[in-house]
Amino acid sequence: MKTKVGIIGGGPSGLMLSQLLDLKGIDNVVLEKHTRDYVLGRIRAGVLEHGFAELMREAQCGERMDAEGEIHEGFYIAENNEKKRVDLAGHTGGNSVVVYGQTELTRDLYDARAAMNGKVIHEALDVKPHDINTKNPYLTYRQGDETFRIDCDFIIGADGFHGVSRKSIPKDVLKEYEKVYPFGWLGVLSRTKPVSPELIYAKSDRGFALCSLRSQVLSRYYIQVPLTDSTDDWSDEAFWDELKARLPDDVAANLETGPSIEKSIAPLRSFVAEPMRYGNMFLAGDAAHIVPPTGARGLNSAASDIYYLYHGLVDHYLKGDDTGLDSYSDRALARVWKAQRFSWWMTTLLHSFPDAIPYDRKLQQTDLEYLFSSEAAMTSLAENYVGLPF
Ligand code: RFL
Ligand code: PHB
């Protein structure tokens, strides 16, 4: 088979790029290791910044997001028994975020690809990029006993943190920066009414907690847990008790509990791989960078990668201009590092670090007090949370 752009990974990054390119008449193929149901079974992001929502609309996939997603103009930060509001709109000239689950967004992208007869190949095993440093790169993959080859002009590595594309870049070219946090997030999805119409990020002496939502009947909650914990250690009852203990009393009193419909633990990690281009292969999204979820930046950082790549590829094919592709890595990384800084900062501000000394805890306290006493500090938080410009 022959195509222009071979995309590894059918997560939000790969699907979004595929859809945008197809709308411009640029032929592409997506190779996804898993089934559609498996991909849709992963419960991940919930908060989309304005730029991501715009990209969904440009991809002609924004209809359901606009109808069902909730616009949030603020969120709360709670500390022990008190909660204070972060006015996103007031500090950013009216900007907001959209609460719409990654699962729904991925479903919309899959449906759009299917409606356009987009080439999305599921259960493509042993995907391998070849000759990426030449003008004629190609991909191979296996289905059953048969091996297939796709010749392309460009390969996009949108295959997430554990994918194959980043690993195909020679070790002496790739530089990796990593920070692993000494805790994870235990997440629970439940068919209950959300405790608060706006998200609550809670810092407590027992550890961090987050109250989020997917809709008015579907709640998503998280608590910080040690890395040694597994979901077997947390019955639903134990989870609800611990969550309540970390929230202000009035919030805890109103918390509606119920059976969990999904429960998982995600370790927290910061990671960046540089450069994001090697020869004719470009990395995008989690394949190149990971943030701890505290600042809700992960998927949103993928959005700017896709935006730059999309415009770079369109300029290449429709105008013969390679400036966008040539500057891709530098441009993408400049924004990626800002999301790294913000996510690290919010994680550091709100979590309990097992190795913290009293001095660290004083600084954490001071950082929080400063935030709520300074318009400048609040503006900085707000502009990062709604998303820095692409
Ligand atoms: P994905 O979603 O990991 O998709 C990659 C796809 O590639 C496939 N794949 C392969 N296919 C073929 N061959 C191979 N060898 C392959 N290896 C892998 C995989 O099956 C998969 O389908 O990466 P992508 O598309 O870059 O999207 C990134 C986002 O998923 C991620 O950044 C966010 O979920 C992060 N995140 C959040 N981001 C936000 O912007 N806002 C949030 O509120 C937010 N909350 C979160 C999050 C991530 C979380 N976890 C679990 C890490 C909350 C959590 C708990
Ligand atoms: C979520 O709803 O899953 C969510 C929301 C905000 C975050 C992280 C996760 O910062």
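Take the Cβ-Cβ distance between Asp131 and Leu174 as r, set R0 to 22 Å, and report the resulting FRET efficiency rounded to the nearest 0.05.
Calculated value: 0.80.
Less than 12 Å Cβ to Cβ from Arg57, Lys/Arg counted +1 and Asp/Glu -1: what total charge do the surrounding residues give?
-4
In bins 10 Å wide, starting from 0, what share of all Cα pairs of the chain does each bin hold, as a percent?
Per 10 Å bin, starting at 0, the Cα pair percentages come out as 5, 23, 32, 24, 12, 3, 0.
Treating the beta-carbon of each Lys and Arg as +1 and of each Asp and Glu as -1, no other charges, what is the dipole magnitude of the range 50-110 about its Cα centre, to the nearest 20 debye?
140 debye
Based on Cβ point charges of +1 for Lys and Arg and -1 for Asp and Glu, what charge dipole magnitude is obtained for the chain about its Cα centre, in debye rounded to the nearest 20?
Its charge dipole is roughly 580 debye.
For the chain, with every protein chain kept in place, what is the accessible area per residue (1.4 Å probe, Å²)?
Here the per-residue accessible area is 43 Å².
In percent, how large is the relative contact order of the range 75-139, given Cα pairs closer than 8 Å and 6 or more residues apart?
13 percent
Which ³J(HN,Hα) values, rounded to whole Hz and listed in residue order, are derived for the range 83-94 from phi using the Karplus coefficients 6.51, -1.76 and 1.60 in 6.51 cos²θ - 1.76 cosθ + 1.60 with θ = phi - 60°, glycine and proline given as x?
10, 10, 8, 9, 8, 5, 4, x, 9, 10, x, x
Put +1 on the Cβ of every Lys and Arg and -1 on every Asp and Glu Cβ in the chain; which of Gly187, Gln60, Ser380 then has its Cα farthest towards the positive end of the dipole?
Farthest along the dipole direction, towards plus: Gln60.
Note the full-extension length gain between Ile261 and Asp205 as 0.36 nm times their separation in residues minus their Cα-Cα distance, in nm to one decimal.
Length gained between Ile261 and Asp205: 17.4 nm.
Restricting to DSSP loop positions (anything but H, G, I, E, B) with no more than 12 other Cβ atoms inside 10 Å of their own Cβ, which trypsin sites (Lys or Arg not before Pro) remain in the range 1-99?
Passing both the DSSP loop test and the Cβ count: Lys24.
Taking all protein chains as present, what is the carbon and sulfur share of the accessible area of the range 69-140, in % to the nearest whole number, probe 1.4 Å?
43 percent
When only DSSP loop residues count, what GluC sites (Glu not before Pro) in the range 116-207 have their Cβ near at most 16 other Cβ atoms within 10 Å?
Glu123
When averaged across all projection directions, what area in nm² does the alpha-carbon convex hull of the range 303-390 cover?
Orientation-averaged projected area of the Cα hull: 7.3 nm².
Quick one: among Ser374, Ser329, Ser18, which has the greatest mean-square fluctuation in a GNM of the chain with alpha-carbon springs under 10 angstrom?
Ser374
Give the peptides 245-256, 89-100 in descending order of average Cβ contacts within 10 Å, highest first.
With the highest mean Cβ count within 10 Å placed first, the list reads 89-100, 245-256.
With unit charges on the beta carbons (Lys and Arg positive, Asp and Glu negative) and the dipole taken about the Cα centre of the range 214-303, which residue among Leu218, Thr294, Phe271 sits farthest to the positive side?
Farthest towards the positive pole: Phe271.
Percent relative contact order of the chain, based on C-alpha pairs within less than 8 angstrom and at least six residues apart?
Rounded, it is 20 percent for the chain.
Mind putting together the pair-distance distribution for the range 23-154? All Cα pairs, 5 Å bins, whole percent per bin, short to long.
So the P(r) values, bin by bin, are 2, 8, 14, 15, 15, 14, 11, 8, 6, 5, 3, 1, 0.
What net charge do the residues around Ala209 carry, taking every other residue with its C-beta under 10 Å from that of Ala209, with Lys and Arg at +1 and Asp and Glu at -1?
With Lys, Arg at +1 and Asp, Glu at -1, the neighbours total +3.
The values are calculated or read from the model by the stated rules, or taken from the named source; none is laboratory data. No experiment lies behind these values; they were computed from the predicted model shown. Counting neighbours? That spans all protein chains shown, and the Cβs are built from the backbone with ideal geometry, glycine included. Areas reflect the complete protein model, heavy atoms only, side chains present, ligands, DNA and RNA absent. Shrake-Rupley method; radii C 1.70, N 1.55, O 1.52, S 1.80 Å.
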